[in-house]
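Right, one structure below, let's go through it.
The values are calculated or read from the model by the stated rules, or taken from the named source; none is laboratory data. Since this is a predicted model, take the numbers as computed values, not measurements. For neighbour counting, all protein chains shown are included, and Cβ atoms are generated from backbone atoms with ideal geometry for every residue, glycine included. Side chains are part of the model used for accessible areas, which takes the heavy atoms of the whole protein and leaves out ligands, DNA and RNA. Shrake-Rupley method; radii C 1.70, N 1.55, O 1.52, S 1.80 Å.
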Amino acid sequence: MKAAQQLMKVFVTRRLPPEGQKLLSQAENYTVQQWDSEDPVPRAELLRGVAGAHGLLCLLSEKIDQEVLDTAGPNLKVISTLSVGFDHLTINEIKKRGIRVGYTPDVLTEATAELSVALLLATCRRLPEAIQEVKSGGWKSWTPTWMCGYGLSNSTVGIIGLGRIGLAIAQRLKPFGVKKFLYTGRQPRPECAAEVNAEYVSCEKLTVDSDFVIVSCSLTPETEGLCNKDFFQRMKKSSVFINISRGSAVNQEDLYQALVSGQIAAAGLDVTTPEPLPTTHPLLSLKNCVILPHIGSATYSTRNTMSVLAVNNLLRGLAGLEMPSELKI
């Protein structure tokens with residue numbers, strides 16, 4: 001009698017949104033181990049869970065480095081990340097070992113673009129500050145200059161990274177009466193730019209000319225720390241800075257100084273370094289800095305869609321089939 005075929009082991013680093021969890025529970029021919037919590041998996045549990053695994057489904061919060069890959073061993077064939085970003089993955093090591101990677105682009109574009117516009121409006125029109133004034137009794141009477149902010153009509157918006165999300169942001173801002181869009185990146189993207197009549201310029205020119213600067217690029221060695229003291233000093237004193245990409249694209253000490261000194265008017269961040277940002281961080285003491293807890297894709301439908309895509313990437317990859325969204329590395 002033949003020995004029963006050994007089931008492939010899968011480790012999942014977090015409790016998934018309902019639709020992805022349901023799909024995972026229906027998977028056959030796999031032994032699924034899961035860190036069943038809303039909180040990130042502790043490092044020791046990650047290493048214990050990944051040992052001998054054939055597949056790994058992870059989140060941005062897990063650093064998949066050489067130690068994790070070594071612990072997993074040669075069985076590991078597929079890593080599926082519930083994210084569009086992949087800077088938490090040690091890509092060189094993963095490529096060296098021939099491991100396939102699935103990720104979740106496109107499906108979060110609309111939600112992230114919506115959130116980006118909301119963050120920009122909240123920041124430039126000082127909404128959190130105004131709400132606090134109402135709650136604290138600071139609202140006394142109508143005053144001509146009280147709580148004045150900056151409007152989008154007739155403005156110049158600069159976008160660093162005119163990819164899927166950057167373009168979707170521009171498309172949503174255009175009806176507000178934006179006069180001009182500028183963008184920068186590794187190379188011109190004429191087809192995307194044509195949709196919003198955006199002009200490709202250097203990063204230096206973008207920072208000098210823009211009333212609003214939105215960072216929506218991928219995190220790469222070139223973009224890490226891109227937004228530093230020199231970057232902010234080139235911006236207008238009336239300009240508003242928005243970051244929805246990755247926290248590491250910004251030197252937060254330099255941003256703090258730019259906000260405190262009045263070098264720029266305000267900043268809105270959906271991403272920080274670290275995450276979560278300690279409640280004692282100096283940026284949180286500033287009225288002209290709006291910080292959100294990385295909620296760009298946080299709609300029920302988007303997170304469910306992301307989780308289904310991540311599970312399908314994992315299962316199809318392990319079956320040796322084409323993934324719905326495979327990262328080409």
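Here are a few things to note about the model shown:
- A DSSP coil position with no more than 16 other Cβ atoms inside 10 Å describes the following GluC sites (Glu not before Pro) in segment 1-83: 28, 38.
- When both segment 121-161 and segment 1-50 are represented by their alpha-carbon centers, they are found 46 Å apart.
- Phi to ³J(HN,Hα) by Karplus 6.51 cos²θ - 1.76 cosθ + 1.60 over segment 61-68, Hz, x for Gly, Pro: 6, 9, 7, 8, 10, 4, 4, 5
- Segment 92-141: C-alpha gyration tensor shape, a/c 1.5 cut-off, then a/b vs b/c: prolate
- Computed about the Cα centre, the dipole magnitude for the chain is approximately 260 debye when only Lys and Arg (+1) and Asp and Glu (-1) carry charge, each at its Cβ.
- Maximal additional length on extending the residue 22-residue 200 stretch stands at 59.6 nm, based on 0.36 nm per residue less the C-alpha distance.
- Probe 1.4 Å, all protein chains present, accessible-area order of 270, 36, 211, largest first: 36, 211, 270
- Ranking 236, 96, 9 from most to least accessible surface, computed with a 1.4 Å probe over the protein chains only, gives 96, 236, 9.
- Loop trypsin sites (Lys or Arg not before Pro), segment 126-219, which have at most 14 other Cβ atoms in a 10 Å radius of their Cβ (DSSP): 140, 179, 186
- Cα gyration tensor shape of segment 69-203, rounded if a/c is under 1.5, else prolate or oblate by comparing a/b with b/c: oblate
- When you restrict to C-alpha pairs under 8 Å that are six or more residues apart and normalise by the size of segment 1-122, the relative contact order lands at 21 percent.
- For the chain, hydrophobic long helices are taken as DSSP H runs at least 18 Å long by C-alpha position along their axis with mean Kyte-Doolittle hydropathy of -1.0 or more; these are 109-124, 300-318.
- An oblate overall shape is assigned to segment 1-87, the ratio a/c of its alpha-carbon gyration tensor axes (a ≥ b ≥ c) being 1.5 or greater and a/b not exceeding b/c.
- This structure gives Cα extents along the principal axes in Å, computed directly, and of (1) 72, 60, 32; (2) 65, 47, 40; (3) 88, 47, 32 that value is listed as (3).
- The charge dipole of segment 230-293, taken about its Cα centre with unit charges on the Cβ atoms of Lys, Arg (+1), Asp and Glu (-1) only, comes to about 260 debye.
- Over the chain, Cα pairs under 8 Å with separation of 6+ residues give a relative contact order of 19 percent.
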